[in-house]
Amino acid sequence: MPEHADHAAHVVHMLTMGLLVSAVAPMIARAARHTALDRHAPPAVAALPAFAVLHAAVTVAGDGLLAQAVLLAGAVVFWMPVLGTRRRLAEAGRAVYLFLAGPLLDLAGVWLVATGDGPGGLAMIVGMLPIGVAAIVVTWRWITSEERARAAVDAPLHHD
């Protein structure tokens, strides 16, 4: 196989790893609500740093199907404070969690870029963009629910 084909396969692999974390894992986490996984999920304060370390290790040193499976399993646990039920964060907490997670998880991609794997690192970062979108959606829902709650409190005052 020509070298550019190997390079292209690597870029697709890194993009796929990012999408496993940012798109596939949240779908699995949402489906796993009310299951043993949800009941035994760690709190957000442990889930985020633990997953950041796992993500960096797999991104920098991991390769193959086992690494992808471990990354996916860790990503599902990472999403439980956002999408689960038992240890689900409040709306503001979910927004902060996701806004912290985005750049923290992108550090592995930045490392790849800094060490000469620009296309692979950028592909990983692009694959992780849905986390930023999720952070924006969660924040928007939080803001609009706060506005509705405030309007409901203020409504009786305007009908006197």
Query - Relative contact order for the chain, counting Cα pairs under 8 Å that sit 6 or more residues apart, in percent - result: 32
Query raised in the report: Normalized C-alpha radius of gyration of the range 18-104, against 2.2 N^0.38 Å?
Result: 1.02
Report task. Using the Kirkwood radius over Cα pairs, work out the Stokes-Einstein diffusion coefficient for the range 41-88 at 20 °C and 1.002 mPa s, in µm²/s as a whole number. Result -> 196
**Report entry** the chain: calculated mean residue ellipticity at 222 nm from DSSP helix runs of at least 4, using -39500 (n - 2.57)
**Finding:** -27000 deg cm²/dmol
Query raised in the report: Of 4, 51, 120, which is farthest on the positive side of the dipole of the range 1-121, counting Cα position, with +1 on Lys and Arg Cβ, -1 on Asp and Glu Cβ, and the Cα centre as origin?
Result: 51
Query raised in the report: If each residue's Cβ is checked for other Cβ atoms within 10 Å, how do 125, 136, 131, 28 rank with the fewest at the top?
Result: 136, 28, 125, 131
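Neighbour counts of other C-beta atoms within 10 Å: give me 60, 21, 96 arranged from fewest to most.
Arranged by neighbour count, lowest to highest, 60, 21, 96 become 60, 96, 21.
Can you tell me which of 77-86, 112-121 comes out highest on packing, and rank the rest after it, using the mean Cβ neighbours within 10 Å?
On the way: 77-86: 22.3, 112-121: 15.8.
Highest mean packing first, the order is 77-86, 112-121.
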Query raised in the report: When the convex hull of the C-alpha atoms of the chain is computed, what volume per residue in Å³ does it have?
Result: 124
Query - Paramagnetic reach from residue 39 in the range 66-93 [backbone N under 17 Å; point 7 Å along Cα→Cβ] - result: 84-88
Query raised in the report: Label points 7 Å out from Cα along the Cβ direction at residue 16 and residue 69: separation in nm?
Result: 1.5
Report task. May I ask you to list the residues of the range 78-92 whose amide nitrogen lies under 20 Å from a point 7 Å from Cα along the Cα→beta-carbon direction of residue 46? Result -> 78-90
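Quick check for me: using +1 on Lys/Arg Cβ and -1 on Asp/Glu Cβ, what's the dipole size of the chain about its Cα centre, in debye to the nearest 20?
About 660 debye.
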Query raised in the report: What is the fewest-to-most order of 145, 22 by other Cβ atoms lying within 10 Å of their Cβ?
Result: 145, 22
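Each reported figure results from applying straightforward, stated rules to the coordinates on display, with no laboratory input. Fair warning: this is a prediction, and the values are worked out from it, not measured in the lab. As a convention, Cβ positions derive from the backbone with ideal geometry for all residues, glycine included, and neighbour counts pool all protein chains shown.
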